[in-house]
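What follows is a short report on a single structure.
The values are calculated or read from the model by the stated rules, or taken from the named source; none is laboratory data. Given the structure is predicted, the values throughout are model-derived calculations rather than measurements. Glycine gets a Cβ as well: all are built from the backbone with ideal geometry, and neighbour counts include every protein chain shown. Side chains included, ligands, DNA and RNA excluded: accessible areas come from the protein's heavy atoms. Shrake-Rupley method; radii C 1.70, N 1.55, O 1.52, S 1.80 Å.
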Amino acid sequence: METRHHDVIVLGAGVSGIYQIKRLADLGIDAIVLEADEDLGGTWYRNRYPGARFDSESYTYGYSFSKELLNEWHWKERFSSQPENLRYLNYVADKFDLRRHMRFDSRVESMTWHEDERRWHLELPHGESYTARFVVTGVGVLSVPTLPRYPGIDDFAGDSFHTYWWPKDPVPLRGRRVGVIGTGATGIQVIGDIAEKVDVLSVFQRRPNWTTPLNNSLISEQEMAEIRARYDEIFANCALSPGGFEHVPDRRGFWNLSKEQRIAFWDELYDKPGFAILAANFPEVFLDETANREMSEYVAGRIRGRVDDPRVAEKLIPRDHGFGMQRLPLETRYFEAYNRDNVHLVDLSATPIERITRSGIQTTAGHHDLDLIVYATGFDAITGAFDRMKIRGVDGRFLGDKWRDGPSTCLGIMTHGFPNLLMVAGPQSVSGSTNFPRAIEGGVDWVTGLLEHALECGHRRIEAQAEAEREWLEEVVRVQERLLLRRSKGWFTGYNANVDGHQQGQIRYQAYFGGAPRYKAFLEQEAADGYPRFDLS
Ligand code: NA7
């Protein structure tokens, strides 16, 4: 089979890849996108489970690069749902005629750097292959789903799937006994959505998560017109805030206010939409154990106020971590689900799962007969998609080996020993830790600038310097170590009980927590100085 060549190959046709190919196509660069799935959309193509929606305000999630697009698109809900989000990404791709640059069903299985040619060789299934001068990854931060390792998982006779693989065809829910394993952001969305649709819902919870109301609402024509008029301001606000949202931290000083004033403020935040309770809160809540404990007690009180059975309420309150120490899921009718007669909380910390059986789930306390098992058990986050691709750099070095104990990158964009491999939304960038599209637009623009510079100057090789990479790692570690979340068991710190090397106690520095403005300043300075952290030849 013939090997095809392009100057740039983009991996992934999700939110990152769509914008990356738009920028490259506009510059007339010879580039294509290889996408493993049969269509575009990435996260929003895959996660079709009931309740899947943005936790970011829709109008801060959309692309900002085209005024025309901003004026045309009407977000119908403040936090838009998966089908609408996928429609949006298709609309963008069609409007800018981007599909012609995309090759679907094209999963890259391995990638090898050939120093003599200064090219990457990409191998796909069935002997298909490509070469490229540069490869840009937009492979997603949560695109490798992970299943538990319970015995009998293949024995179950009913339907079962990970939320990421929720089928395209409608899944019957009425009259069925459904088990959901996992209570992260995904499980919490699913449970709130299906509780009233199914006959019986058994929630298998190992550890509860802190979660607060999403407070979603419809966006009328009139409101959308106001949002359109405000887009410049909206994106400027997002660019200034650490999380890439319109919400800004409250800097009155936690200790300058009385407890009553703090509670009155939290009452307001609890009723506000989205991540206000996180991003508009006092910074001390995330830096100071006493402040965090008070906030956690406040949210625990709200849970007790919403769950009728006090024993169930206590099981839904996290004890092993404080509020905001793991990625905060946002919920809709989540706690009220537990007030329904058809919903049962199975506390796996008291009665662990022994095995999956032909007809359901066996815990140490008994058997649960089920028709459908939903695995909301998370992802091999941030580095999983890189590990899966078997990337070999200079002298055949395997990236999976380099990153075995945790990733190490230069500005979250490149990693030493892997020339001409550029990462959008890569490890140790802000993509995992802030409003995703705001971060990726910045990442794509920066990578595009570097590629333009290299191609214009006739450079055929770009490599991050080892010393610059060490310095970036120091910055990433220093920032994370200031935060209370540094020891938390969540995907932010690389924890995943189902992946070797990611279990409890094996902290990884996966994302940059220094905030979007600080990250952007590093990138801008680097470009302005002529890319001193990179060797170009
Ligand atoms: P998360 O946040 O990683 O949550 C996974 C959940 O699954 C979590 O509650 C886990 O409990 C649970 N889990 C994982 N393995 C098991 C086993 N073996 N048994 C029982 N329970 C298990 O993933 P999500 O998909 O919810 O969210 C990912 C991101 O997607 C989210 O943050 C948003 O950014 C979008 P554990 O904590 O390990 O005890």
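Determine whether residue 391 is touching a helix residue (DSSP H, G or I) at 6+ places or on another chain (Cβ under 9 Å), touching a residue at least 24 places away in the same chain (Cβ under 8 Å) and more than 16 Å from the ligand (Cβ to nearest atom).
Answer is yes for this residue.
Quick one: in segment 267-279, which of the residues that are assigned to a loop (DSSP other than H, G, I, E, B) and within 15 Å of residue 210 (Cα to Cα) is least open to solvent (accessible area, probe 1.4 Å)?
274
Might you let me know whether segment 31-47 holds any residue that is free of Cβ contacts under 8 Å to residues at least 40 places away in the same chain and out of contact with any strand residue (DSSP E or B) (no Cβ under 8 Å at 6 or more places or on another chain)?
No: zero hits.
Among the residues of segment 444-468, how many are part of a helix (DSSP H, G or I) and either open to solvent by less than 10 Å² (accessible area, probe 1.4 Å) or without any contact (Cβ under 8 Å) to a residue 40 or more places away in the chain (or both)?
Residues in segment 444-468 being part of a helix (DSSP H, G or I) and either open to solvent by less than 10 Å² (accessible area, probe 1.4 Å) or without any contact (Cβ under 8 Å) to a residue 40 or more places away in the chain (or both): 9 in total.
In segment 269-318, what count of residues is obtained for those that are touching a residue at least 24 places away in the same chain (Cβ under 8 Å), within 21 Å of residue 337 (Cβ to Cβ) and among the charged types (D, E, K, R)?
Of the residues in that region, 6 qualify.
Can you confirm whether residue 99 is open to solvent by 60 Å² or more (accessible area, probe 1.4 Å) and touching a residue at least 40 places away in the same chain (Cβ under 8 Å)?
Answer is yes for this residue.
Among 494, 426, 505, which is the only one that is within 30 Å of residue 149 (Cα to Cα) and surrounded by fewer than 22 Cβ atoms within 10 Å (Cβ to Cβ)?
One residue alone meets the criteria, 505.
Of the residues 184, 244, only one is within 16 Å of the ligand (Cβ to nearest atom) and crowded, with 21+ Cβ neighbours inside 10 Å; which?
Sole residue among the options that is within 16 Å of the ligand (Cβ to nearest atom) and crowded, with 21+ Cβ neighbours inside 10 Å: 244.
So for segment 329-351 (the condition being free of Cβ contacts under 8 Å to residues at least 60 places away in the same chain, out of contact with any helix residue (DSSP H, G or I) (no Cβ under 9 Å at 6 or more places or on another chain) and not acidic (Asp, Glu)), does at least one residue qualify?
yes
Hey, residue 50 hits all of (1) under 30 Å from residue 275 (Cβ atoms); (2) out of contact with any Asp or Glu (no Cβ under 6 Å at 6 or more places or on another chain) but one; which does it fall short on?
All conditions pass for residue 50, except number (2).
Working only within segment 501-527, note down all residues that are farther than 18 Å from residue 441 by Cα and either part of a helix (DSSP H, G or I) or without any contact (Cβ under 8 Å) to a residue 12 or more places away in the chain (or both).
Of everything in segment 501-527, those that are farther than 18 Å from residue 441 by Cα and either part of a helix (DSSP H, G or I) or without any contact (Cβ under 8 Å) to a residue 12 or more places away in the chain (or both) turn out to be 503, 505.
Each row is one residue, and each column tells you yes or no for (1) within 30 Å of residue 517 (Cβ to Cβ); (2) in a helix (DSSP H, G or I); (3) at pLDDT 95 or above; (4) within 16 Å of the ligand (Cβ to nearest atom).
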| site | (1), (2), (3), (4) |
| --- | --- |
| 179 | no, no, yes, yes |
| 208 | no, no, yes, yes |
| 227 | yes, yes, yes, no |
| 260 | no, yes, yes, no |
| 265 | yes, yes, yes, no |
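Looking at (1) within 16 Å of the ligand (Cβ to nearest atom); (2) on the phi < 0 side of the Ramachandran plot; (3) of a type outside the set (A, V, I, L, M), which is the one condition that is false for residue 378?
Of the numbered conditions (1) within 16 Å of the ligand (Cβ to nearest atom); (2) on the phi < 0 side of the Ramachandran plot; (3) of a type outside the set (A, V, I, L, M), the odd one out for residue 378 is (2).
Quick one: would you say residue 222 is more than 18 Å from residue 274 (Cβ to Cβ), surrounded by fewer than 22 Cβ atoms within 10 Å (Cβ to Cβ) and away from the ligand (no atom under 16 Å from the Cβ)?
yes
Given the conditions (1) surrounded by 18 or more Cβ atoms within 10 Å (Cβ to Cβ); (2) of a type in the set (S, T, N, Q); (3) part of a loop (DSSP other than H, G, I, E, B), and given that residue 292 satisfies all but one, which numbered condition is not satisfied?
Only one criterion in (1) surrounded by 18 or more Cβ atoms within 10 Å (Cβ to Cβ); (2) of a type in the set (S, T, N, Q); (3) part of a loop (DSSP other than H, G, I, E, B) is unmet by residue 292, namely (3).
Just name the residue that is farthest from residue 325 (Cα to Cα) out of those in segment 280-289 that are in a helix (DSSP H, G or I) and not β-branched (Val, Ile, Thr).
284
Is it true that some residue in segment 465-476 is touching a Leu at 6+ places or on another chain (Cβ under 8 Å) and within 15 Å of the ligand (Cβ to nearest atom)?
For segment 465-476, residues touching a Leu at 6+ places or on another chain (Cβ under 8 Å) and within 15 Å of the ligand (Cβ to nearest atom): absent.
Does any residue of segment 188-204 turn out to be assigned to a loop (DSSP other than H, G, I, E, B), touching a residue at least 40 places away in the same chain (Cβ under 8 Å) and under 17 Å from the mean Cα position of the chain (by Cα)?
Within segment 188-204 (the criterion being assigned to a loop (DSSP other than H, G, I, E, B), touching a residue at least 40 places away in the same chain (Cβ under 8 Å) and under 17 Å from the mean Cα position of the chain (by Cα)), the answer is no, since none of the residues qualifies.
Based on this model, can you work out whether residue 205 counts as polar (S, T, N, Q) and open to solvent by less than 10 Å² (accessible area, probe 1.4 Å)?
The answer is yes for residue 205.
Being among the hydrophobic types (A, V, I, L, M, F, W, C) and either at positive phi or in contact (Cβ under 8 Å) with a residue 40 or more places away in the chain (or both) is the filter here; which residues of segment 232-268 pass it?
Matches in segment 232-268: 234, 235, 238, 239, 240, 245.
For segment 73-94, indicate whether the set of residues that are surrounded by fewer than 19 Cβ atoms within 10 Å (Cβ to Cβ) and more than 25 Å from the chain's Cα centre (by Cα) is non-empty.
No, segment 73-94 has no match at all.
Given the conditions (1) closer than 23 Å to residue 242 by Cα; (2) open to solvent by 50 Å² or more (accessible area, probe 1.4 Å); (3) out of contact with any helix residue (DSSP H, G or I) (no Cβ under 7 Å at 6 or more places or on another chain), and given that residue 287 satisfies all but one, which numbered condition is not satisfied?
(3)
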